[in-house]
Structure formats: structure tokens, C-alpha cells
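What follows is a single structure, written as C-alpha cells, with notes after it.
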Amino acid sequence: MSVVTTAVTDAVVAGKKNSPLAQRIKRDPIAWIGKPLVWAVCLAPLAWLAWLAPTGGLGANPIEFINRHLGDWGLRILLVSLAVTPLRIVTGWKQAVRFRRLIGLFAFFYVVLHVTNYVVVDHFFNWREIFQDIIKRWYITVGMVGLLSLTSLAITSTKGWIKRIGGRNWNRLHKLVYVAGVAGCIHFIMMRKGFQIEPLVYAGIFALLMSARLIEFLRRRFFA
Ligand code: HEM
């Protein structure tokens with residue numbers, strides 16, 4: 001990312017060395033190039049869906065296709081947000097954490113769309129049926145745990161909330177992201193039923209990301 005941002009920055013600065021925009025980009029390439037790039041990449045799966053819909057690309061069961069597409073991307077982006085800290089640990093690139101909140105909010109956004117599709121299109125606001133589903137189908141119950149965790153994280157993601165509850169409590173609360181990760185992976189494994197590789201790959205990536213944090217925690221505790 002930093003190579004790309006530096007290259008783009010240099011190109012812009014070479015063209016208009018002293019323009020206010022070029023100066024701003026040079027001062028904070030993450031805000032002016034990195035974050036817009038994250039927006040573009042995270043919105044691409046939604047744009048892809050919008051492209052497939054009118055072109056007949058949603059297959060024989062469009063509701064299922066949309067639900068799965070949104071669920072998959074919710075989980076993928078959640079895993080990317082969990083990869084930010086290990087990336088900082090491994091590369092030492094401290095600025096990486098500036099992307100974490102935005103990526104986490106995109107994960108929440110896709111999960112909300114995933115659930116909205118389930119409630120509105122799949123069940124047409126039939127709350128009785130939805131409630132039955134939540135208590136009878138375990139993978140939906142587990143999904144709800146993930147949704148509630150992500151919702152608390154999204155609500156408290158602002159600077160105002162950090163001030164209101166204090167940095168320490170905020171950090172504690174934001175450990176819920178691990179609950180969301182576990183819930184997302186278990187939800188996927190249970191939903192697919194039987195032995196299937198794909199959900200296990202996601203769970204494996206999650207376990208790997210968690211081990212990186214654990215190793216760092218133990219290193220700091222016992223060797224730093
Ligand atoms: C952190 C929260 C959640 C994540 C990350 C997530 C992610 C996923 C994933 C990855 C799949 C499998 C897609 C595939 O087969 O490729 C899935 C399926 C599904 N999810 Fe979620 N989900 C979450 C929460 C929920 C909630 C709260 C509900 C409902 C209230 C829900 C309803 C469903 C349903 C009905 C399916 C199965 C669709 C089908 O049978 O085709 N999910 N979800």
C-alpha cells in the first residue's frame with residue numbers, strides 16, 4: 001500500500017508541486033489515497049452484485065445468491081480488519097491501524113445487508129417465522145451473536161464513545177470483535193453442514209490471525 005501511495009503521491013506532486021491538494025496528499029497520503037482506495041475496494045463486491053442483478057448473473061436462486069455473497073463478504077472483510085494488527089506486528093508499519101475502523105465498519109455494513117436481505121427479501125418481515133428461526137436453527141442463533149457484537153462495535157466506534165466510556169473500557173468492549181469473528185466462522189461451518197473445506201479455510205485464517213496476537217501478547221509479557 002505504501003509503495004502505491006508513494007508512487008501516486010510522487011506523480012501528483014510532480015505535476016502540480018505546490019498545489020494545495022498535492023501538499024495535502026503529501027502530508028497525509030493515508031487520508032487522501034489509502035482510505036479512498038479502501039472505500040473503492042470494499043464497495044466493489046456490492047457494485048459486482050448491482051452489475052449481476054440486471055444482467056441475469058444471479059443464477060436460479062437469486063435470493064440465496066445475494067444472501068451468500070453478502071455473508072461471504074461480511075466475513076472476508078471482518079477477517080481483513082482482524083489482519084490489521086498482525087500486519088502492524090509483522091511489518092512494524094504503525095500507520096496500518098488507521099485503516100482498522102473503516103474496514104471494520106465495512107464488515108458491519110455487509111453483515112447488515114446480509115441480515116436485511118434475510119429479513120426483508122427471504123422472510124418478508126415475517127417476525128414470527130424469523131424468531132422461530134433464531135431459536136430453532138443454531139447457525140442463525142450464532143449469527144445473531146455475531147451481529148449483536150458487530151453492532152455494539154459500530155455504535156461505539158466514534159471518538160465521542162471513547163471519551164464517554166474511557167479508553168480502557170473501550171478497549172475491553174472492542175474485544176467483542178473476537179466474538180464476532182468466532183461467531184461468523186462457526187455460523188458458516190454450521191450452515192454448510194457436513195465436512196466442507198471452504199468454511200474451514202475461513203476458520204483457519206481466523207485461528208492464524210488470533211495466534212499472531214497471542215504470540216505478540218506472550219512475547220510482550222515474558223520477553224519484552
Ligand atoms: C457476524 C455475523 C454474520 C456473518 C459474518 C455471516 C456470514 C455468513 C456466511 C459466510 C454465510 C455462508 C455463505 C456461503 O455459503 O457462501 C452465511 C449464510 C447465512 N447467513 Fe449469515 N452471517 C452473519 C450473521 C447472520 C445473521 C444474524 C443471520 C440471520 C438472522 C444470518 C443468516 C444467514 C442465512 C439464512 C444463511 C444461509 C443462506 C443459505 O442457506 O443460502 N447470518 N452467513
- So, in nm, how far is label residue 135 from label residue 89 when the simple model puts each one 7 Å beyond its Cα toward the Cβ? 4.1 nm
- Among 103, 49, 22, which residue has its Cα positioned farthest towards the positive end of the charge dipole of the chain, with +1 placed on the Cβ of Lys and Arg, -1 on the Cβ of Asp and Glu, and the dipole taken about the Cα centre? 22
- Query: Anyone know which of 174, 123, 69 comes out most mobile in the 10 Å Cα GNM of the chain?
  - Reply: 123
- Task: Assign unit charges at the C-beta atoms only (+1 for Lys and Arg, -1 for Asp and Glu), then state the dipole size of the chain relative to its Cα centre in Debye, rounded to the nearest 20.
- Result: 1320 debye
- Whole-Hz Karplus ³J(HN,Hα) for segment 141-148, in order, using 6.51 cos²θ - 1.76 cosθ + 1.60 and θ = phi - 60°, x for Gly and Pro? 4, 5, x, 4, 4, x, 5, 5
- Message: How would segment 28-80 be classified by its alpha-carbon gyration tensor: rounded, prolate or oblate, with rounded meaning a/c under 1.5 and the a/b versus b/c comparison settling the rest?
- Response: oblate
- Message: Nearest 10 degrees is fine. How inclined is helix 176-192 to the longest principal axis of the chain, computing both from alpha carbons?
- Response: 40 degrees
- Item | Pairwise label distance in nanometres, residue 210 with residue 58, each label 7 Å out on the Cα-Cβ vector | 3.5 nm
- Note on the structure: Label model pair residue 23, residue 40: point-to-point distance (7 angstrom along the Cα→beta-carbon line) in nm is 2.6 nm
- Residue-averaged [θ]222 nm for the chain, counting only DSSP H segments that reach four residues, each worth -39500 (n - 2.57): -25500 deg cm²/dmol
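Compute the Cα gyration tensor for segment 63-222, then decide on rounded, prolate or oblate, letting a ≥ b ≥ c be the square roots of its eigenvalues: rounded whenever a/c is under 1.5, prolate when a/b is larger than b/c in the other cases, and oblate in all that remain.
Prolate is the answer for segment 63-222, as a/c is 1.5 or above and a/b outweighs b/c.
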- Task: Enumerate the calculated ³J(HN,Hα) couplings along segment 47-59 in order (Karplus 6.51 cos²θ - 1.76 cosθ + 1.60, θ = phi - 60°), each rounded to whole Hz, writing x wherever the residue is Gly or Pro.
- Result: 4, 4, 5, 5, 6, 5, 3, x, 9, x, x, 8, x
- Full extension from residue 50 to residue 120: what is 0.36 nm times the residue separation minus their Cα-Cα distance, to one decimal in nm? 23.4 nm
- Could you let me know the centre-to-centre spacing of segment 75-131 and segment 196-224, using Cα atoms, in angstrom? 19 Å
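Every number here is computed from the coordinates shown, using simple stated rules; none is lab data. What you see is a predicted model; the values in this text were computed from it and never measured. Note that we place each Cβ from the backbone using ideal geometry, even for glycine, and neighbour counts take in every protein chain shown.
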